[in-house]
Amino acid sequence: MIDVPSFAELNLEVALPGIFLALFTTVLLIVDLFIPKDRKITTAHLTIGALVVAFVLNLPAFNAGETAMNEMFIADAFAGFVNMIVITGAIITVLLSVDYMKRSGIEHGEFYSLLLFSVSGIMFMGSANDLIVVFIALELLSIPLYVMAALRHDDVKSEESGIKYFILGAFASAFFVYGAALIYGATGTTNLPEIFRAIAGADGIVATENSAMIYLVIGAAMVIVALGFKVAAVPFHMWTPDVYEGAPTPVTAFMSVGAKAGGFAGLLRVMIIGLPLLVVNFGDAVETMAIGETITVPSAWQTALWLIAAATMIFGNFIAISQTNVKRMLAYSSIAHAGYILMAVAAVGTVQITKVAENDYTMVAVYAESALNGALVYLLAYTFTNLGAFAVVMSLENNDGSGTMLDDFNGLSKRHPLTAAMMAFFMLSLIGVPTTAGFIGKFLIFDAAIQAGLIPLTIIGVLTSAVSAYYYVRIIVNMYLKDAAVTDEAVGLTPYVNYATIVAFAGTLIFGLFPMLALDLLASSGAQIATLLF
Amino acid sequence: MNVLSEWAFIGVFFVLAPILPAVPILLGGVLSPKKPNAIKQATYECGVETVGDTWVQFKVQYYIYGLVFLIFDVEMVFLFPWAVAYGQLDFFAFAAGVLFIFLLSDALVYAWKKNALEWA
């Protein structure tokens, strides 16, 4: 008899939302073939229906903590929250795409299948409990995006966007695999909680003391490079403006929130569950400690993330100032926003060591929970806000891709007062003004970073936020205080785009006024946070 | 447990690997007689000499055929062991095979309907 697992052992129902979506997509690909070319709206409706079903299936994840597929997969509040972000983002993206794809002549039913594949990849990423799953999810989320970026295939810019993203993305994936291999070599496992336990060592000696340490550190660095590429962190951001500008705008909108959510989900999983307590020179750190004393030391990767976060915030915000194309400005601002979330990831790396008795220590990543909450709420806020901003940009975009310059926003408040008001609100949310969701996200992240002792980094964050106000407010000024040179009708202001704008606006406002809605959902995620006793 | 000592085996290979091809080449250079002529000095090229320009456009259909062929190619590799062990498989392994066939036929139906199988 061949030894194979049974269905019951695999616990597949835990992964139901992702499995449902992936299977539905394979069927949708075939169903779409039989939908006539002028009725592709049906495919879009089916897609939204599937996303709503996945959203409902995902709800039980918030109070579960179950693993599936031999502990490779986990459904907890973290996974549930990431799924919620990405499903909501995908629904708004579909609403944005319907008319845009039609009027730019690139309406393909495959677009929706690709989108759903990418969404299921991000969902698997949120639930990944194993480096192998992180890698598969990374590929599943990226490969459809490469194709989607090049969807406008008669346009050189779109082709360039797809090829650039593909080649650099493949390169980043290679980094991830190498890093995962080194981590596996050092710990003997790819399972994230197992890696965590392996760092503790069986006999109470931190594995970081022996020669495997160097491989763990290099492995962690390579994982940061690979996922840093996905979230467009400086210095791995070079592709972002070109890819964002060349890709069809709904794809750009989805990339800026979906791929980012996926990348951060992977980064947070690996750093919080797998490698939070990777402390170099543990022996030197605890040498002079008295019993009962508590010290705070940085994790091996904290400084690296500190520098990346600072560079990302500074670079993204300052380059965004000089942009005159709003699409490109949003691309650079999306780099900047990755920097704020990286700040939260860096905060995880502050480790507290307490000496309980002789040769008896406890190690805790004390700020992991507040950092995680900050990062996830920020991602949620950013998803609503940025998709809303893209919805408004798209409604002004002409069929040939023009109409997204700063001057095209002049006098928008007189032409379309409601759209202008919502755009102003999105801009305020991106700055982080109170009553918007963006404020809650920034507040939680800055709070976590200050608690974790990253004061200079927080100061950089606050200052660059102030810088960002310049280019966000400039759009509001153009909309309200300047007169339009041209008074052409916004061709993109169709019902579906308006629905998308309204959904995004509602999300930004509701989570800005009632942040507890989001925080309550996350309340149980802290159970997973790492403590180490030996 | 010292990780480095485990890697030492691979280090030995790194040292030995260049020696093995280098020794015959060096020996050949020392021992062989040298009588060069024009044909011997020409760049080595295998196969028949090309007719016409090599920079011709290929039909994109070749590429699509190659991709569709891959469906059957990979299918065979995985389905042979599955079929051979069929009698001993439980429901899980059966379902895994069926899922695999479903995904492949999904792709095939898509390619078929998109006219990828027609030589036009």
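The values are calculated or read from the model by the stated rules, or taken from the named source; none is laboratory data. Worth saying up front: this structure is predicted, and the values here are computed from it rather than measured. Cβ: placed from backbone, ideal geometry, glycine included. Neighbour counts: every protein chain shown.
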What single numbered condition from (1) more than 30 Å from A:Phe24 (Cβ to Cβ); (2) within 14 Å of chain A (Cβ to nearest Cβ); (3) among the acidic types (Asp, Glu) fails to hold for B:Asp53? (2)
Would you be able to tell me the number of residues in the stretch A:279-331 that are of a type in the set (Phe, Trp, Tyr) and not in a helix (DSSP H, G or I)? 1
Quick one: what pairs do we get from the stretch A:185-196, first residue more than 14 Å from chain B (Cβ to nearest Cβ), second among the hydroxyl-bearing types (Ser, Thr, Tyr) and surrounded by fewer than 22 Cβ atoms within 10 Å (Cβ to Cβ), C-beta under 8 Å, 6+ apart or different chains? A:Thr190/A:Tyr184; A:Ile195/A:Thr189
Pair list, Cβ < 6 Å and 6+ apart or interchain, from the stretch B:72-91 residues that are more than 14 Å from every other protein chain (Cβ to nearest Cβ) to residues that are in a loop (DSSP other than H, G, I, E, B) and of a type outside the set (Lys, Arg): none
Would you check which residues across the stretch B:100-117 are more than 7 Å from chain A (Cβ to nearest Cβ) and surrounded by 12 or more Cβ atoms within 10 Å (Cβ to Cβ) and list them? B:Phe100, B:Ile101, B:Phe102, B:Leu104, B:Ser105, B:Ala107, B:Leu108, B:Ala111, B:Trp112, B:Lys114, B:Ala116, B:Leu117
Enumerate the pairs (first residue in the stretch A:494-510 and on the phi > 0 side of the Ramachandran plot; second residue anywhere and surrounded by fewer than 16 Cβ atoms within 10 Å (Cβ to Cβ) and assigned to a helix (DSSP H, G or I)) with beta-carbon separation below 6 Å, excluding pairs fewer than 6 apart on the same chain, so at least 6 apart or on different chains. none
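Going by what's in this entry, would A:Ile445 be described as in a helix (DSSP H, G or I) and either without any contact (Cβ under 8 Å) to a residue 24 or more places away in the chain or over 18 Å from the mean Cα position of the chain (by Cα) (or both)?
Working: in a helix (DSSP H, G or I): yes; either without any contact (Cβ under 8 Å) to a residue 24 or more places away in the chain or over 18 Å from the mean Cα position of the chain (by Cα) (or both): no.
No; evaluated as a whole, the condition is false for this residue.
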Search the stretch A:1-52 for residues being touching a helix residue (DSSP H, G or I) at 6+ places or on another chain (Cβ under 7 Å), more than 18 Å from A:Leu141 (Cα to Cα) and away from chain B (no Cβ under 13 Å), and hand back the single one that is surrounded by the most Cβ atoms within 10 Å (Cβ to Cβ). A:Thr43
Out of all the residues in the stretch A:204-224, which are surrounded by 20 or more Cβ atoms within 10 Å (Cβ to Cβ) and modelled with pLDDT of 90 or more? A:Gly219, A:Ala220, A:Met222, A:Val223, A:Ile224
What's the total number of residues in the stretch B:41-65 that are more than 27 Å from the chain's Cα centre (by Cα) and either surrounded by 10 or more Cβ atoms within 10 Å (Cβ to Cβ) or touching a residue at least 60 places away in the same chain (Cβ under 8 Å) (or both)? 0
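Okay, residues lined up against (1) under 24 Å from A:Ser256 (Cβ atoms); (2) in contact with an Asp or Glu (Cβ under 6 Å, 6 or more places away or on another chain); (3) surrounded by fewer than 20 Cβ atoms within 10 Å (Cβ to Cβ):
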site: A:Phe443; (1), (2), (3): yes, no, yes
site: A:Leu481; (1), (2), (3): no, no, yes
site: A:Val491; (1), (2), (3): yes, no, yes
site: A:Gly507; (1), (2), (3): yes, no, no
Enumerated helices (runs of 4 or more DSSP H) restricted to the stretch A:1-103, each holding at least 2 residues that are among the hydroxyl-bearing types (Ser, Thr, Tyr): A:16-33, A:41-58, A:77-103
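Taking the condition of a type outside the set (A, V, I, L, M, F, W, C), in contact (Cβ under 8 Å) with a residue 60 or more places away in the chain, in contact with a helix residue (DSSP H, G or I) (Cβ under 9 Å, 6 or more places away or on another chain) and buried (at least 17 other Cβ atoms within 10 Å of the Cβ), does A:Gly349 pass?
The answer is yes for A:Gly349.
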Scan the stretch B:21-40 and give yes if some residue there is of a type in the set (S, T, N, Q) and surrounded by 10 or more Cβ atoms within 10 Å (Cβ to Cβ), otherwise no. no
So B:Val60, is it modelled with pLDDT under 85 and within 14 Å of another protein chain (Cβ to nearest Cβ): yes
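Please state which one of A:Ala174, A:Ala180 is in a helix (DSSP H, G or I), small (Gly, Ala, Ser), surrounded by fewer than 19 Cβ atoms within 10 Å (Cβ to Cβ) and modelled with pLDDT of 90 or more. Before you say what the answer is, go through the steps one by one.
Values: A:Ala180 fails: surrounded by fewer than 19 Cβ atoms within 10 Å (Cβ to Cβ).
Residue meeting the stated conditions: A:Ala174.
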